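Student: Please read through the structure below; I'll follow up with questions.
What follows is calculated from the coordinates using simple rules that are stated; it is not laboratory data. Quick caveat: nothing in here was measured; it's all calculated off a predicted structure. Glycine gets a Cβ as well: all are built from the backbone with ideal geometry, and neighbour counts include every protein chain shown.
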């Protein structure tokens, strides 16, 4: 079973490991337009989500924008 660390929590993928950042967001039901993504400490531009390959045990941070003030 392959894992990723997402926002500090280990996520196990029994039903297919996401090979790209876009696939991960789909599995987690996260709208790409509402977040900033960081993979192993590197901020990923939204236009590169499809081409950002993921490997087991990577550290992913997903920061969600929340309106307000």
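Student: Those residues that are outside any strand (DSSP E or B), closer than 15 Å to residue 20 by Cβ and free of Cβ contacts under 8 Å to residues at least 40 places away in the same chain, I need them from the range 38-69; list them, please. Break it down stepwise before answering.
Tutor: First pass over the range 38-69, keeping only residues outside any strand (DSSP E or B): 40-41, 45-52, 54-58, 65-69.
Now drop any that are not closer than 15 Å to residue 20 by Cβ, which leaves 40, 45-52, 54-56, 58.
Scanning the range 38-69 gives 40, 45, 46, 47, 48, 49, 50, 51, 52, 55.
Student: Are any residues in the range 9-26 surrounded by fewer than 14 Cβ atoms within 10 Å (Cβ to Cβ), touching a strand residue (DSSP E or B) at 6+ places or on another chain (Cβ under 8 Å) and not in a strand (DSSP E or B), and if so, which ones? Spell out how you get there, then give the answer.
Tutor: Taking the range 9-26 and keeping what is surrounded by fewer than 14 Cβ atoms within 10 Å (Cβ to Cβ), we get 9-10, 12, 14-16, 19, 26.
So of that shortlist, the ones also touching a strand residue (DSSP E or B) at 6+ places or on another chain (Cβ under 8 Å) come out as 10, 12, 19.
Within the range 9-26, 19 is the sole residue that qualifies.
Student: Does the range 37-47 hold any residues that are in contact with a helix residue (DSSP H, G or I) (Cβ under 8 Å, 6 or more places away or on another chain) and farther than 15 Å from residue 5 by Cβ, and which are they?
Tutor: Kept after step one, since they are in contact with a helix residue (DSSP H, G or I) (Cβ under 8 Å, 6 or more places away or on another chain), are these residues of the range 37-47: 37, 39, 44, 46.
Hits for the range 37-47 are 44, 46.
Student: Separate question: Answer yes or no: is there a residue in the range 26-35 that is at positive phi and within 12 Å of the chain's Cα centre (by Cα).
Tutor: Taking the range 26-35 and keeping what is at positive phi, we get 29.
From what's left, within 12 Å of the chain's Cα centre (by Cα): 29.
Yes, because at least one residue in the range 26-35 is at positive phi and within 12 Å of the chain's Cα centre (by Cα).
Student: Only one of these conditions is not met by residue 29: (1) under 21 Å from residue 14 (Cβ atoms); (2) surrounded by 10 or more Cβ atoms within 10 Å (Cβ to Cβ). Which number is it?
Tutor: Only one criterion is unmet by residue 29, namely (2).
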